[in-house]
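Contents: one structure, followed by commentary.
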Amino acid sequence: MTEELKERAAVNTDDSREYLTFTLGEEEYGIDILNVQEIRGYDAVTKIANAPDFIKGVINMRGVIVPIIDMRLKFNLGEVEYNQFTVVIILNVTGRVIGMVVDGVSDVVALRREQIRPAPEFGAVLDTDYIEGLATLDERMVIVVDIERLMSSNEMGLVDQVQQQQSV
Amino acid sequence: MTIDMSQFYQVFFDETDEHLSEMESLLLELDVDQPDLEKLNAIFRAAHSIKGGAGTFGFTDMARVTHVLETLLDRLRKQELKPAVEMVDAFLEAGDVLRAQLEAHRAGGEYQDERIEQVCQRLEALTAGEPPPAADMHAAAPDSDHPEPSVEGTGWRIQFDPVAAGIAEADTLNALADGVAELGRLQRVDEATGRPYRWELVTDTQVPAERILEVFDFVCDTHHIRLEPLPASGASVAADPGYGLFDAAPGTPADTGPDPGYGLFEDAPGAAGADVAESAMARDAAAQEAGYGFFAAAPGSPDPSGEVQEGEGYGLFSDAPGSEQVHARAEQDRAETAQGYGLFDPSPGYPGAAREPEGNHGDPDVHPHPPPEAGKNADTGAAAGNAPPPGGGQERRQGSGRPPRKPGGGDSSIRVSVEKVDQLINLVGELVITHAMLAESASRLDPVAHENIFNGLSNLERNSRDLQQAVMSIRMMPISFVFNRFPRVVRDTAASLKKKVRLKLVGEDTELDKGLIERLADPLNHLVRNSIDHGIEAPEKRRAAGKSETGEITLRASHQGGNIVVEVADDGGGLNRDKLLAKATERGVSVSENPSDKEIWQLIFAPGFSTADQVTDISGRGVGMDVVRRNIEQMNGRVDIDSAPGEGTRITIRLPLTLAILDGMSVRLGEEIFILPLTAIRESIQPRPEQLKTVSGQGRVLQVGDEYLPLILLQEVFDLGSPAQRIEDSIIVLVDTGQGRAALVVDELLAQQQVVIKSLETNYRKVEGVSGATILGDGRVALILDVDELLRLSHRTVRPRPSTTA
Amino acid sequence: MAKSILTVDDSASIRQMVSFTLKGAGYSVTEAVDGQDGLEKARSGSFNLIFTDQNMPRKDGLTLIKELRNLPQYRSVPILMLTTESSEAMKSQGRSAGATGWLVKPFDPQKLLEVVRKVIG
């Protein structure tokens, strides 16, 4: 499975693509900028009944109801704070609009295919299934995430599939 | 000039759809004992129009079905045959087949099913089945709208060109003749005088054209075969003075040419037989000169086997009004062709003949646009039919894509995709919300100092509400779209149950949201079937009860306030209180002490109330009724029942006018605000402590009168975590659910308001206990509660057993 | 000025096909949805050629032709019946109603143009 993914990642990332990087705890992640719709601050959400705690609730974004996920809660990154610096990345993932709370947005970087190395099995907070590979930027390691795959996964519980409550 | 015919397909599909619906409703209204000629004509017209379009646009399979359909209808409207119930059945079946064919073509394929052949055969058998006495025919003809001669064949004239058909060998020809001769007495009339050959087959009974074509189909392409019925006798045709004209034709070579695709029609109106004969000969002479035949169809023959002989053609009456201009043009064009019509009296209308050799028409066997296949030929059509569109000329295939359709000049409406309308509705919804947010911000301002802002805001509010209504009205459709299917449903259901049922439709013009119309169809279907099955009694029983044998079902729609009310009423036996109560006990469905009638009637909507047992006349009513109720509630509607023993049952569905807007009550629970649909709310009370009881020390119930209602505590159900206010200090909203009444505990009732319904599923997923979301005036999202699900969820958390405490 | 043609047919698809074909060939085309509409449009306009279907609601083609012939301005304008009925009887009825000719459905655009050119150029 992982092998296949890595191959896929290698094939798909021809030449350079732009990635939005953000931090989650101590780690830095990158996602394809094409999936990013906008970045906004954190607003009050409306709680959703019986949802896993990382699903903070829903917000109204210009008339559209958008679920908000806190990745820090999803990955058990300890105490999370909501303040004026808290950032929500609004993603457009396979036609769905989803808001993702992260610790901060760092940068937009262009990565060439060969800059993304296959990820070994390692202790990222993220399941390696959703990792396209690892890239090095100014000595920093960026974990490149296949955000579409992650967000449409069962474990996120964002779509009606086999219902799965908190998996963390 | 090539024209992409596919650009007209969509219009054809749409109009055919309308024709089919019209045909069906007319058929259902048709009284076979006293048929209304107007209706028969209208049904004929619908079939006829479909056939015309299908032929033109190359949907030969539909042309074939409509052809046999039309043939029988034509005989009916001319009163040559008496309508019968079996005919109506066959027509309805043909309509179903056509619809299937239409849908297949819409999807770019072709419907293939043995039903097609079956229904055609059924129709043909019915057409041939009852030859009317000759006297009747003639008596009827003058009364009908179209006093065409009613010549009924007792045989067929077969014309074919053996060379074109590829039957060169004499042996083959003889074998063919033998084959045909098995069907009747065959005369090979003129094989000597040149092609085409003409045979005459005389039969004692009616032989469908297909039978003959089948014989030919063994040896050649039946495209080249023309069939027309032989007149029953020369005398009967001649006796009709209006058509004596064509009597001269049989036997003369003039009319026997294979249809070249078109011909000119020369003879004077009202000419005596001699003149006709003369001009016929003249035509023939000219025809040979020009190298093509003249008559597109044989004289006096009603179209017997359809498309085979129904070639493309046109003609000009040389001496008819308007033809002077044609003549003038012709002479102008080429004066030298005068010899082509010098023979005729007055003949200048003939210009085309001389010009023809430039075109395809010189060769009678060239079919630039083959006529639709008929009969056995349909098989070849079907075999080749996988490539859409079937049949058709080259120009059809050259088109790439489908250009946007141009509305006809007579159209005063436009077709717009629902998507676009929904987008508008969404945008208007946003406008309404934006206004609400502005108004809320402005409420902190001093009204005197900011008079302009407040005036502007109130204008904005009025305009956006008006706009909202106007946009909503685009989605509104008359309920007749769903009502119209019921004549058929009632007819079929009643017939299968051997009951007599009349359907009455009231308020078909009542408009409601298109989305609701679509979703209303299934529940109504269920209710109507149930009414026929379990409401309306068998004819004997009705008679015994002193009622008319024919039961009546009324479908009634009306607007009441902001709601639409749809009733399904029957004049049947009504619901039986005792039986329902017994059933409830048997099924373990809880019922309160001394239940009211209404409450008992609601039992039929309880899940699993009645499933298998269909013995008694009420038991079956429960089948799927819980689903009906659920469906209606999903549309934010509610269902009520009234029933009186011996008088009937009335089921009333109340729905909001649209799916996009909901009348709701906003309620507060801790920090959260929820919307409760008004349709679910019965009343709200402030509970007294003594009304609150616990069951088994756990489940809590609220005593209201004699009833013990389950308490729904949202904090628990939704796991909100916030410390619940004491129930005694709360407000309790009594709500109607699929499982009876329940008591929903909230902290505060805020306001009654209309809300725009938003889907949670667009970007998230279904949330249990919630039917959707809306955006409040301050821009926050509020969830819309689904009380049925809430009760179910609360059973899961606590499990009160409400009726056992009594 | 382009020659003007009135096409009377209750079938929108046929009407559009006729209209599209003829417009493409440079004629000016007016559509009418049934016999009654046809009569009204004919009254309020002026046409060089009229095509009419036979089977239509409100007013059929034969009636339309008869009524048109009673109007002075249409006494000699070519009127062609568009009909799926190719029987002689139909034609003879058409002729006595005052039709100039007939064109059998189904027909294709080429055929239509050919006939129109023959009649009005």
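The values are calculated or read from the model by the stated rules, or taken from the named source; none is laboratory data. Quantities reported herein were computed from a predicted structural model and do not represent experimental measurements. Neighbour counts are summed over all protein chains in view; Cβ atoms, including those assigned to glycine, are modelled from backbone coordinates with ideal geometry.
Would you pick out the residues in region C:22-36 that are at the interface with another protein chain (Cβ under 10 Å from one of its Cβ atoms), under 30 Å from B:Ile43 (Cβ atoms) and either part of a helix (DSSP H, G or I) or not aliphatic (A, V, I, L, M) (or both)?
C:Thr30, C:Glu31, C:Asp34 - these are the residues of region C:22-36 that are at the interface with another protein chain (Cβ under 10 Å from one of its Cβ atoms), under 30 Å from B:Ile43 (Cβ atoms) and either part of a helix (DSSP H, G or I) or not aliphatic (A, V, I, L, M) (or both).
Of all residues being at pLDDT below 85 and of a type in the set (S, T, N, Q) in region B:621-653, which is farthest from the chain's Cα centre (by Cα)? Just the residue, please.
Out of the qualifying residues, it is B:Asn636.
Of everything in region C:15-59, what is more than 20 Å from B:Thr56 (Cα to Cα) and small (Gly, Ala, Ser)? Give them in sequence order.
C:Gly26, C:Ser28, C:Gly35, C:Gly38, C:Ala42, C:Ser44, C:Gly45, C:Ser46 - these are the residues of region C:15-59 that are more than 20 Å from B:Thr56 (Cα to Cα) and small (Gly, Ala, Ser).
One line per residue, one yes/no per condition, for (1) more than 22 Å from C:Met81 (Cβ to Cβ); (2) surrounded by fewer than 24 Cβ atoms within 10 Å (Cβ to Cβ); (3) without any contact (Cβ under 8 Å) to a residue 24 or more places away in the chain:
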site: B:Glu18; (1), (2), (3): yes, yes, yes
site: B:Leu26; (1), (2), (3): yes, yes, yes
site: B:Leu30; (1), (2), (3): yes, yes, no
site: B:Gly52; (1), (2), (3): no, no, yes
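Spot the failing condition for B:Gln34; the list is (1) modelled with pLDDT under 85; (2) part of a helix (DSSP H, G or I); (3) more than 10 Å from chain C (Cβ to nearest Cβ), and only one is missed.
Tallying (1) modelled with pLDDT under 85; (2) part of a helix (DSSP H, G or I); (3) more than 10 Å from chain C (Cβ to nearest Cβ), B:Gln34 fails exactly one: (2).
Answer yes or no as to whether A:Asn83 is more than 18 Å from A:Met156 (Cβ to Cβ), modelled with pLDDT under 85 and more than 15 Å from the chain's Cα centre (by Cα).
Numbers: more than 18 Å from A:Met156 (Cβ to Cβ): yes; modelled with pLDDT under 85: yes; more than 15 Å from the chain's Cα centre (by Cα): yes.
For A:Asn83, the condition - more than 18 Å from A:Met156 (Cβ to Cβ), modelled with pLDDT under 85 and more than 15 Å from the chain's Cα centre (by Cα) - is met.
Is it the case that B:Phe718 is modelled with pLDDT of 80 or more and touching a Gly at 6+ places or on another chain (Cβ under 7 Å)?
Working: modelled with pLDDT of 80 or more: yes; touching a Gly at 6+ places or on another chain (Cβ under 7 Å): yes.
Against the criterion (modelled with pLDDT of 80 or more and touching a Gly at 6+ places or on another chain (Cβ under 7 Å)), B:Phe718 qualifies.
Look at region B:551-593 and say how many of its residues are part of a helix (DSSP H, G or I) and either of a type in the set (Phe, Trp, Tyr) or more than 30 Å from B:Ala495 (Cβ to Cβ) (or both).
Within region B:551-593, the first condition is being part of a helix (DSSP H, G or I), and the residues that meet it are B:577-587.
Imposing the further condition that a residue be either of a type in the set (Phe, Trp, Tyr) or more than 30 Å from B:Ala495 (Cβ to Cβ) (or both) reduces the set to B:577-578, B:581-582, B:584-587.
Qualifying residue count, region B:551-593: 8.
From the list B:Gly574, B:Gly535, B:Gly588, B:Gly551, which one is in contact (Cβ under 8 Å) with a residue 24 or more places away in the chain, on the phi > 0 side of the Ramachandran plot and not hydrophobic (A, V, I, L, M, F, W, C)? Steps first, answer last, please.
Details: B:Gly535 fails: on the phi > 0 side of the Ramachandran plot; B:Gly588 fails: in contact (Cβ under 8 Å) with a residue 24 or more places away in the chain; B:Gly551 fails: on the phi > 0 side of the Ramachandran plot.
Selected residue: B:Gly574, the only one of B:Gly574, B:Gly535, B:Gly588, B:Gly551 that is in contact (Cβ under 8 Å) with a residue 24 or more places away in the chain, on the phi > 0 side of the Ramachandran plot and not hydrophobic (A, V, I, L, M, F, W, C).
Would you check if there is a residue in region B:46-67 being modelled with pLDDT of 85 or more, charged (D, E, K, R) and closer than 19 Å to C:Met90 by Cα?
For region B:46-67, residues modelled with pLDDT of 85 or more, charged (D, E, K, R) and closer than 19 Å to C:Met90 by Cα: present.
Residues B:Glu93, B:Glu110, B:Glu103, B:Glu114: which one is away from chain C (no Cβ under 14 Å), touching a helix residue (DSSP H, G or I) at 6+ places or on another chain (Cβ under 8 Å) and surrounded by fewer than 17 Cβ atoms within 10 Å (Cβ to Cβ)?
On the way: B:Glu110 fails: surrounded by fewer than 17 Cβ atoms within 10 Å (Cβ to Cβ); B:Glu103 fails: touching a helix residue (DSSP H, G or I) at 6+ places or on another chain (Cβ under 8 Å); B:Glu114 fails: touching a helix residue (DSSP H, G or I) at 6+ places or on another chain (Cβ under 8 Å).
When all the criteria are applied, what remains is B:Glu93.
So which of B:Arg529, B:Arg542 is touching a Ser or Thr at 6+ places or on another chain (Cβ under 6 Å) and part of a helix (DSSP H, G or I)? First the steps, then the outcome.
On the way: B:Arg542 fails: touching a Ser or Thr at 6+ places or on another chain (Cβ under 6 Å).
The conditions single out B:Arg529.
Can you tell me which residue is surrounded by the most Cβ atoms within 10 Å (Cβ to Cβ) among those in region B:456-513 that are out of contact with any strand residue (DSSP E or B) (no Cβ under 9 Å at 6 or more places or on another chain) and not in a helix (DSSP H, G or I)?
Across region B:456-513, the extreme among qualifying residues is B:Arg485.
Working only within region C:40-58, note down all residues that are buried (at least 21 other Cβ atoms within 10 Å of the Cβ), farther than 13 Å from C:Thr100 by Cβ and more than 9 Å from chain B (Cβ to nearest Cβ). Spell out the reasoning first.
Taking region C:40-58 as the starting set, the residues that turn out to be buried (at least 21 other Cβ atoms within 10 Å of the Cβ) are C:42, C:47, C:49-56.
Going one step further and asking which of them are farther than 13 Å from C:Thr100 by Cβ, we end up with C:42, C:53-56.
Across region C:40-58, the qualifying residue is only C:Ala42.
Does B:Ser558 satisfy the criteria of being under 30 Å from B:Val471 (Cβ atoms), surrounded by fewer than 19 Cβ atoms within 10 Å (Cβ to Cβ) and among the hydroxyl-bearing types (Ser, Thr, Tyr)?
Numbers: under 30 Å from B:Val471 (Cβ atoms): yes; surrounded by fewer than 19 Cβ atoms within 10 Å (Cβ to Cβ): yes; among the hydroxyl-bearing types (Ser, Thr, Tyr): yes.
When the stated conditions are applied, B:Ser558 passes them.
Name the residues in region B:38-72 that are under 21 Å from B:Glu117 (Cβ atoms) and either away from chain C (no Cβ under 11 Å) or in contact with a strand residue (DSSP E or B) (Cβ under 8 Å, 6 or more places away or on another chain) (or both), would you?
B:Asp61, B:Met62, B:Arg64, B:Val65, B:Val68, B:Leu69, B:Thr71, B:Leu72
Please go through region C:59-111 and give me each residue that is over 12 Å from the mean Cα position of the chain (by Cα), more than 8 Å from chain B (Cβ to nearest Cβ) and within 29 Å of B:Leu227 (Cβ to Cβ), ordered by number.
C:Ala97 - this is the single residue of region C:59-111 that is over 12 Å from the mean Cα position of the chain (by Cα), more than 8 Å from chain B (Cβ to nearest Cβ) and within 29 Å of B:Leu227 (Cβ to Cβ).
Check whether at least one residue in region A:16-39 is on the phi > 0 side of the Ramachandran plot and modelled with pLDDT under 80, and report yes or no.
Within region A:16-39, not a single residue is on the phi > 0 side of the Ramachandran plot and modelled with pLDDT under 80.
Given the options B:Leu783, B:Leu790, name the one that is part of a helix (DSSP H, G or I) and modelled with pLDDT of 85 or more. Talk me through it step by step, then tell me what you get.
On the way: B:Leu783 fails: part of a helix (DSSP H, G or I).
Matching residue, one of B:Leu783, B:Leu790: B:Leu790.
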